[in-house]
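Here is the structure we will look at.
The values are calculated or read from the model by the stated rules, or taken from the named source; none is laboratory data. Everything quoted here is computed from the prediction, not taken from an experiment. Cβ coordinates were reconstructed from backbone atoms using ideal geometry, including for glycine residues, and neighbour counts include every protein chain displayed. To get the accessible areas, we keep the full protein, side chains included, count just its heavy atoms, and leave off ligands, DNA and RNA. Shrake-Rupley method; radii C 1.70, N 1.55, O 1.52, S 1.80 Å.
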Amino acid sequence: DANLRRQLEGSYEEQLDGARRFAREENFRVGVQLVDGTAKAEQAGPAFGRIAECVIAGLLPVAGHELAAQAGQVPGAAFAIIAMGKLGGREMTASSDLDLVFVYDTPEGVESSDGIRPLSPTLYFARLAQRLISALTTPTAAGTLYDVDMRLRPSGNKGPAAVSFKSFADYHARESWTWEHLALTRARIVLGDVGPAQAVITEI
């Protein structure tokens with residue numbers, strides 16, 4: 001979204017402020033449309049969801065910039081963000097939290113990132129997920145943005161912030177409970193490379 005891109009300029013703190021201003025203005029616009037009747041109630045959930053998805057996509061490179069400066073990139077790796085709950089089901093409200101699951105995949109034989117301070121893929125993507133969560137949840141001078149709920153990830157709050165595709169598939173094939181399978185019926189990829197993202201959807 002061009003409006004969000006204009007807001008994501010300046011220092012890290014300024015970009016976080018810009019994301020919060022963008023979300024607040026867009027959510028307010030949807031609310032006004034509901035009140036004056038130019039939008040129907042059933043259109044609100046998808047509209048609020050699109051705002052959240054836009055913010056997630058905009059903040060991921062912001063969150064990953066400092067990490068990449070030190071640790072580089074994981075060669076050939078893919079990263080996908082799965083929306084669950086109300087975001088996954090396109091039923092968000094202006095105050096809904098974000099139920100997110102982070103999944104990564106790396107080519108066989110790749111054991112670390114390629115930066116001056118290399119990290120294992122497990123640690124690299126866990127830190128990337130944690131940085132994005134911080135960018136989405138930290139209150140700033142421009143206010144708050146979203147709460148992020150990670151309880152639907154494999155192993156719940158005991159699990160890592162990001163899981164490998166193999167771990168995700170194995171967990172849901174062998175260990176997850178029925179309610180976790182039911183939660184997957186609302187799962188939806190909101191960010192990710194086309195090929196790997198399709199592999200996750202196929203597995204789900």
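Take GLY109 and decide whether it is over 15 Å from PHE165 (Cα atoms), open to solvent by less than 30 Å² (accessible area, probe 1.4 Å), assigned to a loop (DSSP other than H, G, I, E, B) and not hydroxyl-bearing (Ser, Thr, Tyr). Outline the logic, then answer.
Details: over 15 Å from PHE165 (Cα atoms): yes; open to solvent by less than 30 Å² (accessible area, probe 1.4 Å): no; assigned to a loop (DSSP other than H, G, I, E, B): yes; not hydroxyl-bearing (Ser, Thr, Tyr): yes.
Taking the combined requirement at face value, the residue does not satisfy it.
Just to be sure before I move on: is ARG151 open to solvent by 40 Å² or more (accessible area, probe 1.4 Å), of a type in the set (Lys, Arg) and farther than 30 Å from LYS40 by Cα in the structure I sent? Considered against the rule, which asks whether it is open to solvent by 40 Å² or more (accessible area, probe 1.4 Å), of a type in the set (Lys, Arg) and farther than 30 Å from LYS40 by Cα, ARG151 comes out as yes.
For ARG50, the criteria (1) open to solvent by 60 Å² or more (accessible area, probe 1.4 Å); (2) in contact with a strand residue (DSSP E or B) (Cβ under 8 Å, 6 or more places away or on another chain) hold in every case but one, which is (2).
Quick one: which of LEU136, LEU132 is buried (at least 17 other Cβ atoms within 10 Å of the Cβ), in contact with a Phe, Trp or Tyr (Cβ under 6 Å, 6 or more places away or on another chain) and part of a helix (DSSP H, G or I)?
Details: LEU132 fails: in contact with a Phe, Trp or Tyr (Cβ under 6 Å, 6 or more places away or on another chain).
Going through LEU136, LEU132 in turn, the sole match is LEU136.
Of the residues making up the range 175-202, those that are within 16 Å of LEU152 (Cα to Cα) and not hydrophobic (A, V, I, L, M, F, W, C) are GLU175, SER176, THR178, GLU180, HIS181, THR185, ARG186, ARG188.
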